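The values are calculated or read from the model by the stated rules, or taken from the named source; none is laboratory data. Predicted, not measured: the structure shown is a model, and the values here were computed from it. Neighbour counts are summed over all protein chains in view; Cβ atoms, including those assigned to glycine, are modelled from backbone coordinates with ideal geometry. The area values use the complete protein model at the heavy-atom level, side chains included, leaving out ligands, DNA and RNA. Shrake-Rupley method; radii C 1.70, N 1.55, O 1.52, S 1.80 Å.
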Amino acid sequence: MSQDDKLKQLEAALDLQKQEIKSLQWQVDLLNERIGKLQGTAGQNGMQPSAQAAPGQPGMSLTGTQGAAGAHGVNSAAGLPGQAPVPPGAQPKQAEEQPPEKTDWEHLLGRVWLPRIFVLVLLLGVVWGFRAAVVAGLLTEPVRCILGALAGGLFLWFGDRQVRAKRTALGNVLLGGALAIWLLTVFAAHMLYGMFGSGIAFSLNVLIVLAGIGLTQLHRSQTLGILTAFAGMLVPFLLKSETPNVLLFVSYEVFSSLIYLALALRHNFKALYVLNFIFFHAALLFFSIATGTRAEQTVGYGVLIHHLALLAAMIALKARESRFLTLFTSAAFTMGWWYALFEHDPVRGNLYTWLLVLLTVIYAALTYYYHKQKDTSRFAVTLTISSFALMFYLLRMLAGPNEAIALLLEGACLFALALFLRARVQGIMSIAIFTIGLVETISHAIPQLISGRTLAWIVMTVSLSAVLTFTAKILRAREADGEEIKFEWVVLKATWVANAILLLAFLTQLTDLLTGNLSNDIQHFAISAVWALYAVAAILLGTVRNSPLARIAGMVLLFGTLLKLLFFDLPTVSILVRALLFIGLGLIGLAISRVFYKK
């Protein structure tokens, strides 16, 4: 180990010791303050503080270790050193929190943002000065490239010195500027001046990126890592080629992205972890647009390899929960890429199906494993991905009512599981899946009594009723534990009303199908009768279950049935049917009123 490395370690250890000393000093001050309060309390109660010296003994200081020991003697009944005695039944007073540190705007502006902004100003001035010298004919093309390489070296040397002098922000910006100057120099020599071919330009750019990775590792700078990752993404686009090599491009982007992934995981660079993912997919998107269909299959395999690498990182390493969202996004992007590339391909269309099966099986197995391990974070993300993969598989393989039934069942089961585990993200996802199945169901009328659409409506109403019943049970259990729940009950009641409306629509369709071959009078009479009986059932259920919401909904439906009679049935039915409808509805209304009168 070199002397500089040893010096860095000693300085880091010294900084850590200083922080620990400050923390201990703050704790001592807090302890002295509590001891002072204890003395005052003891004096007011007519008690002699235990830390006070006994007669004939020398006095003892109430600060430092001895004071803490004295305070502990007084508070032996409470069992907590340095705190006043706690009366029976009283809650102990919590320790005071350390006040948050104030933002040092001078440091933030002067050391962080000032160098970042004005190094760009400097580079812009250098570019304009370079341009002016070129226009004046003072600089030939080889001289320009040599000056660019020397300027990058100067930035590198000066930036390294700044980092070693603990001016980290300025040094990182200068090191990033060195990489940018070198990349622009190679670009100019290759694309503008034609001084060498694509092979040499690619090799030089790769060496520059490797130098950036080395500097990131050496100085452990996330800023350098992000700049290098962005530069690495741009390397293939800085080459002149009439027929781009798709395999070489995808291989390079995948390999370089995996290097930055490993770097981010090694040093816990959160921003680099996320931005590396964005850079990778952005590069593939631009390349696919530029090359068209030639890159389809290779790009698809590259995306899959990248996602499997993220999955391996989650399994093998103790990845933080913040990275799980990136894994879920990667899975969604992978399915999206494969859908766009292979869904409409008559030859390779089955590849998309097999991908969905693969993701469903892998993540379902991981879901089971993490549930057994009681790893709630990984269980949640694997359950989410497997559910989405299964949903897309069902959408692809099934059609019409079968598709709706599968989505309704999946959404209902997933919501019940998410509610039981208190997984909010999975709950939202399950609602989205169920909503897709619900929209698919209600957007198509039932063609005949015995059909797939009829079964879809039955599954929808029954599954929704079961989920709402289970949700009410869970909410009651939480209330019994002392948890305050208000908004959830409002949403639950509103969903019950929506389910009741869906059931009414289903019964109306069935009644219309059963009376379709009968006269118009009988059809109107049957539908109104069903509505009235449904209202009576709701009121009776509300009476038995002591649910004011059900009783009010039943009465509203009775008034709705009356409005239907007045505005839709009267102009079309005969006088006999009209009389029967009004007599029946009047008797029902009076009977229901009598029930409320008894209650």
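Assorted remarks:
- Cα Rg, Dmax, segment 516-597, angstrom units: 13.5, 42
- Segment 516-597 - percent of accessible surface contributed by carbon and sulfur, probe 1.4 Å: 77
- Note on Asp29: accessible area is roughly 80 Å² with a 1.4 Å probe, heavy atoms of protein only.
- Prolate/oblate/rounded call for segment 401-500, Cα gyration tensor, a/c under 1.5 rounded: prolate
- Each of His219, His371 has its accessible area taken with a 1.4 Å probe; listed largest first, they run His371, His219.
- Sorting the segments 534-540, 205-211 by their mean number of nearby beta carbons within 10 angstrom, highest to lowest, gives 534-540, 205-211.
- Leu317-Arg478 FRET efficiency (beta carbon distance; Förster radius 45 Å; 0.05 resolution): 0.80
- Interatomic Cα distance distribution for segment 393-449, bins of 5 angstrom, percent: 4, 22, 25, 20, 14, 9, 4, 2, 0
- Over all projection directions, the Cα-based convex hull of segment 453-599 averages an area of 10.4 nm².
- Per-residue SASA remark: Ser256, around 10 Å² accessible (1.4 Å probe; ligands, DNA and RNA not included).
- Ranked by how many other beta carbons lie within 10 Å on average, peptides 506-512, 433-439, 192-198, 263-269 from highest: 433-439, 263-269, 506-512, 192-198
- Thr376/Val462 FRET efficiency (R0 35 Å; Cβ-Cβ; nearest 0.05): 0.70
- Where trypsin sites (Lys or Arg not before Pro) fall in DSSP loop in segment 384-433, at most 16 other Cβ within 10 Å: Arg422
- Among residues other than Leu408 with Cβ under 13 Å from its Cβ, the summed charge is -2 (Lys and Arg +1, Asp and Glu -1).
- Of Lys18/Lys166; Lys374/Lys486; Lys372/Lys493, those spanning more than 25 Å from alpha-carbon to alpha-carbon: Lys374/Lys486; Lys372/Lys493
- Coil-residue chymotrypsin sites (Phe, Trp or Tyr not before Pro) of segment 308-398, DSSP, other Cβ within 10 Å capped at 12: none
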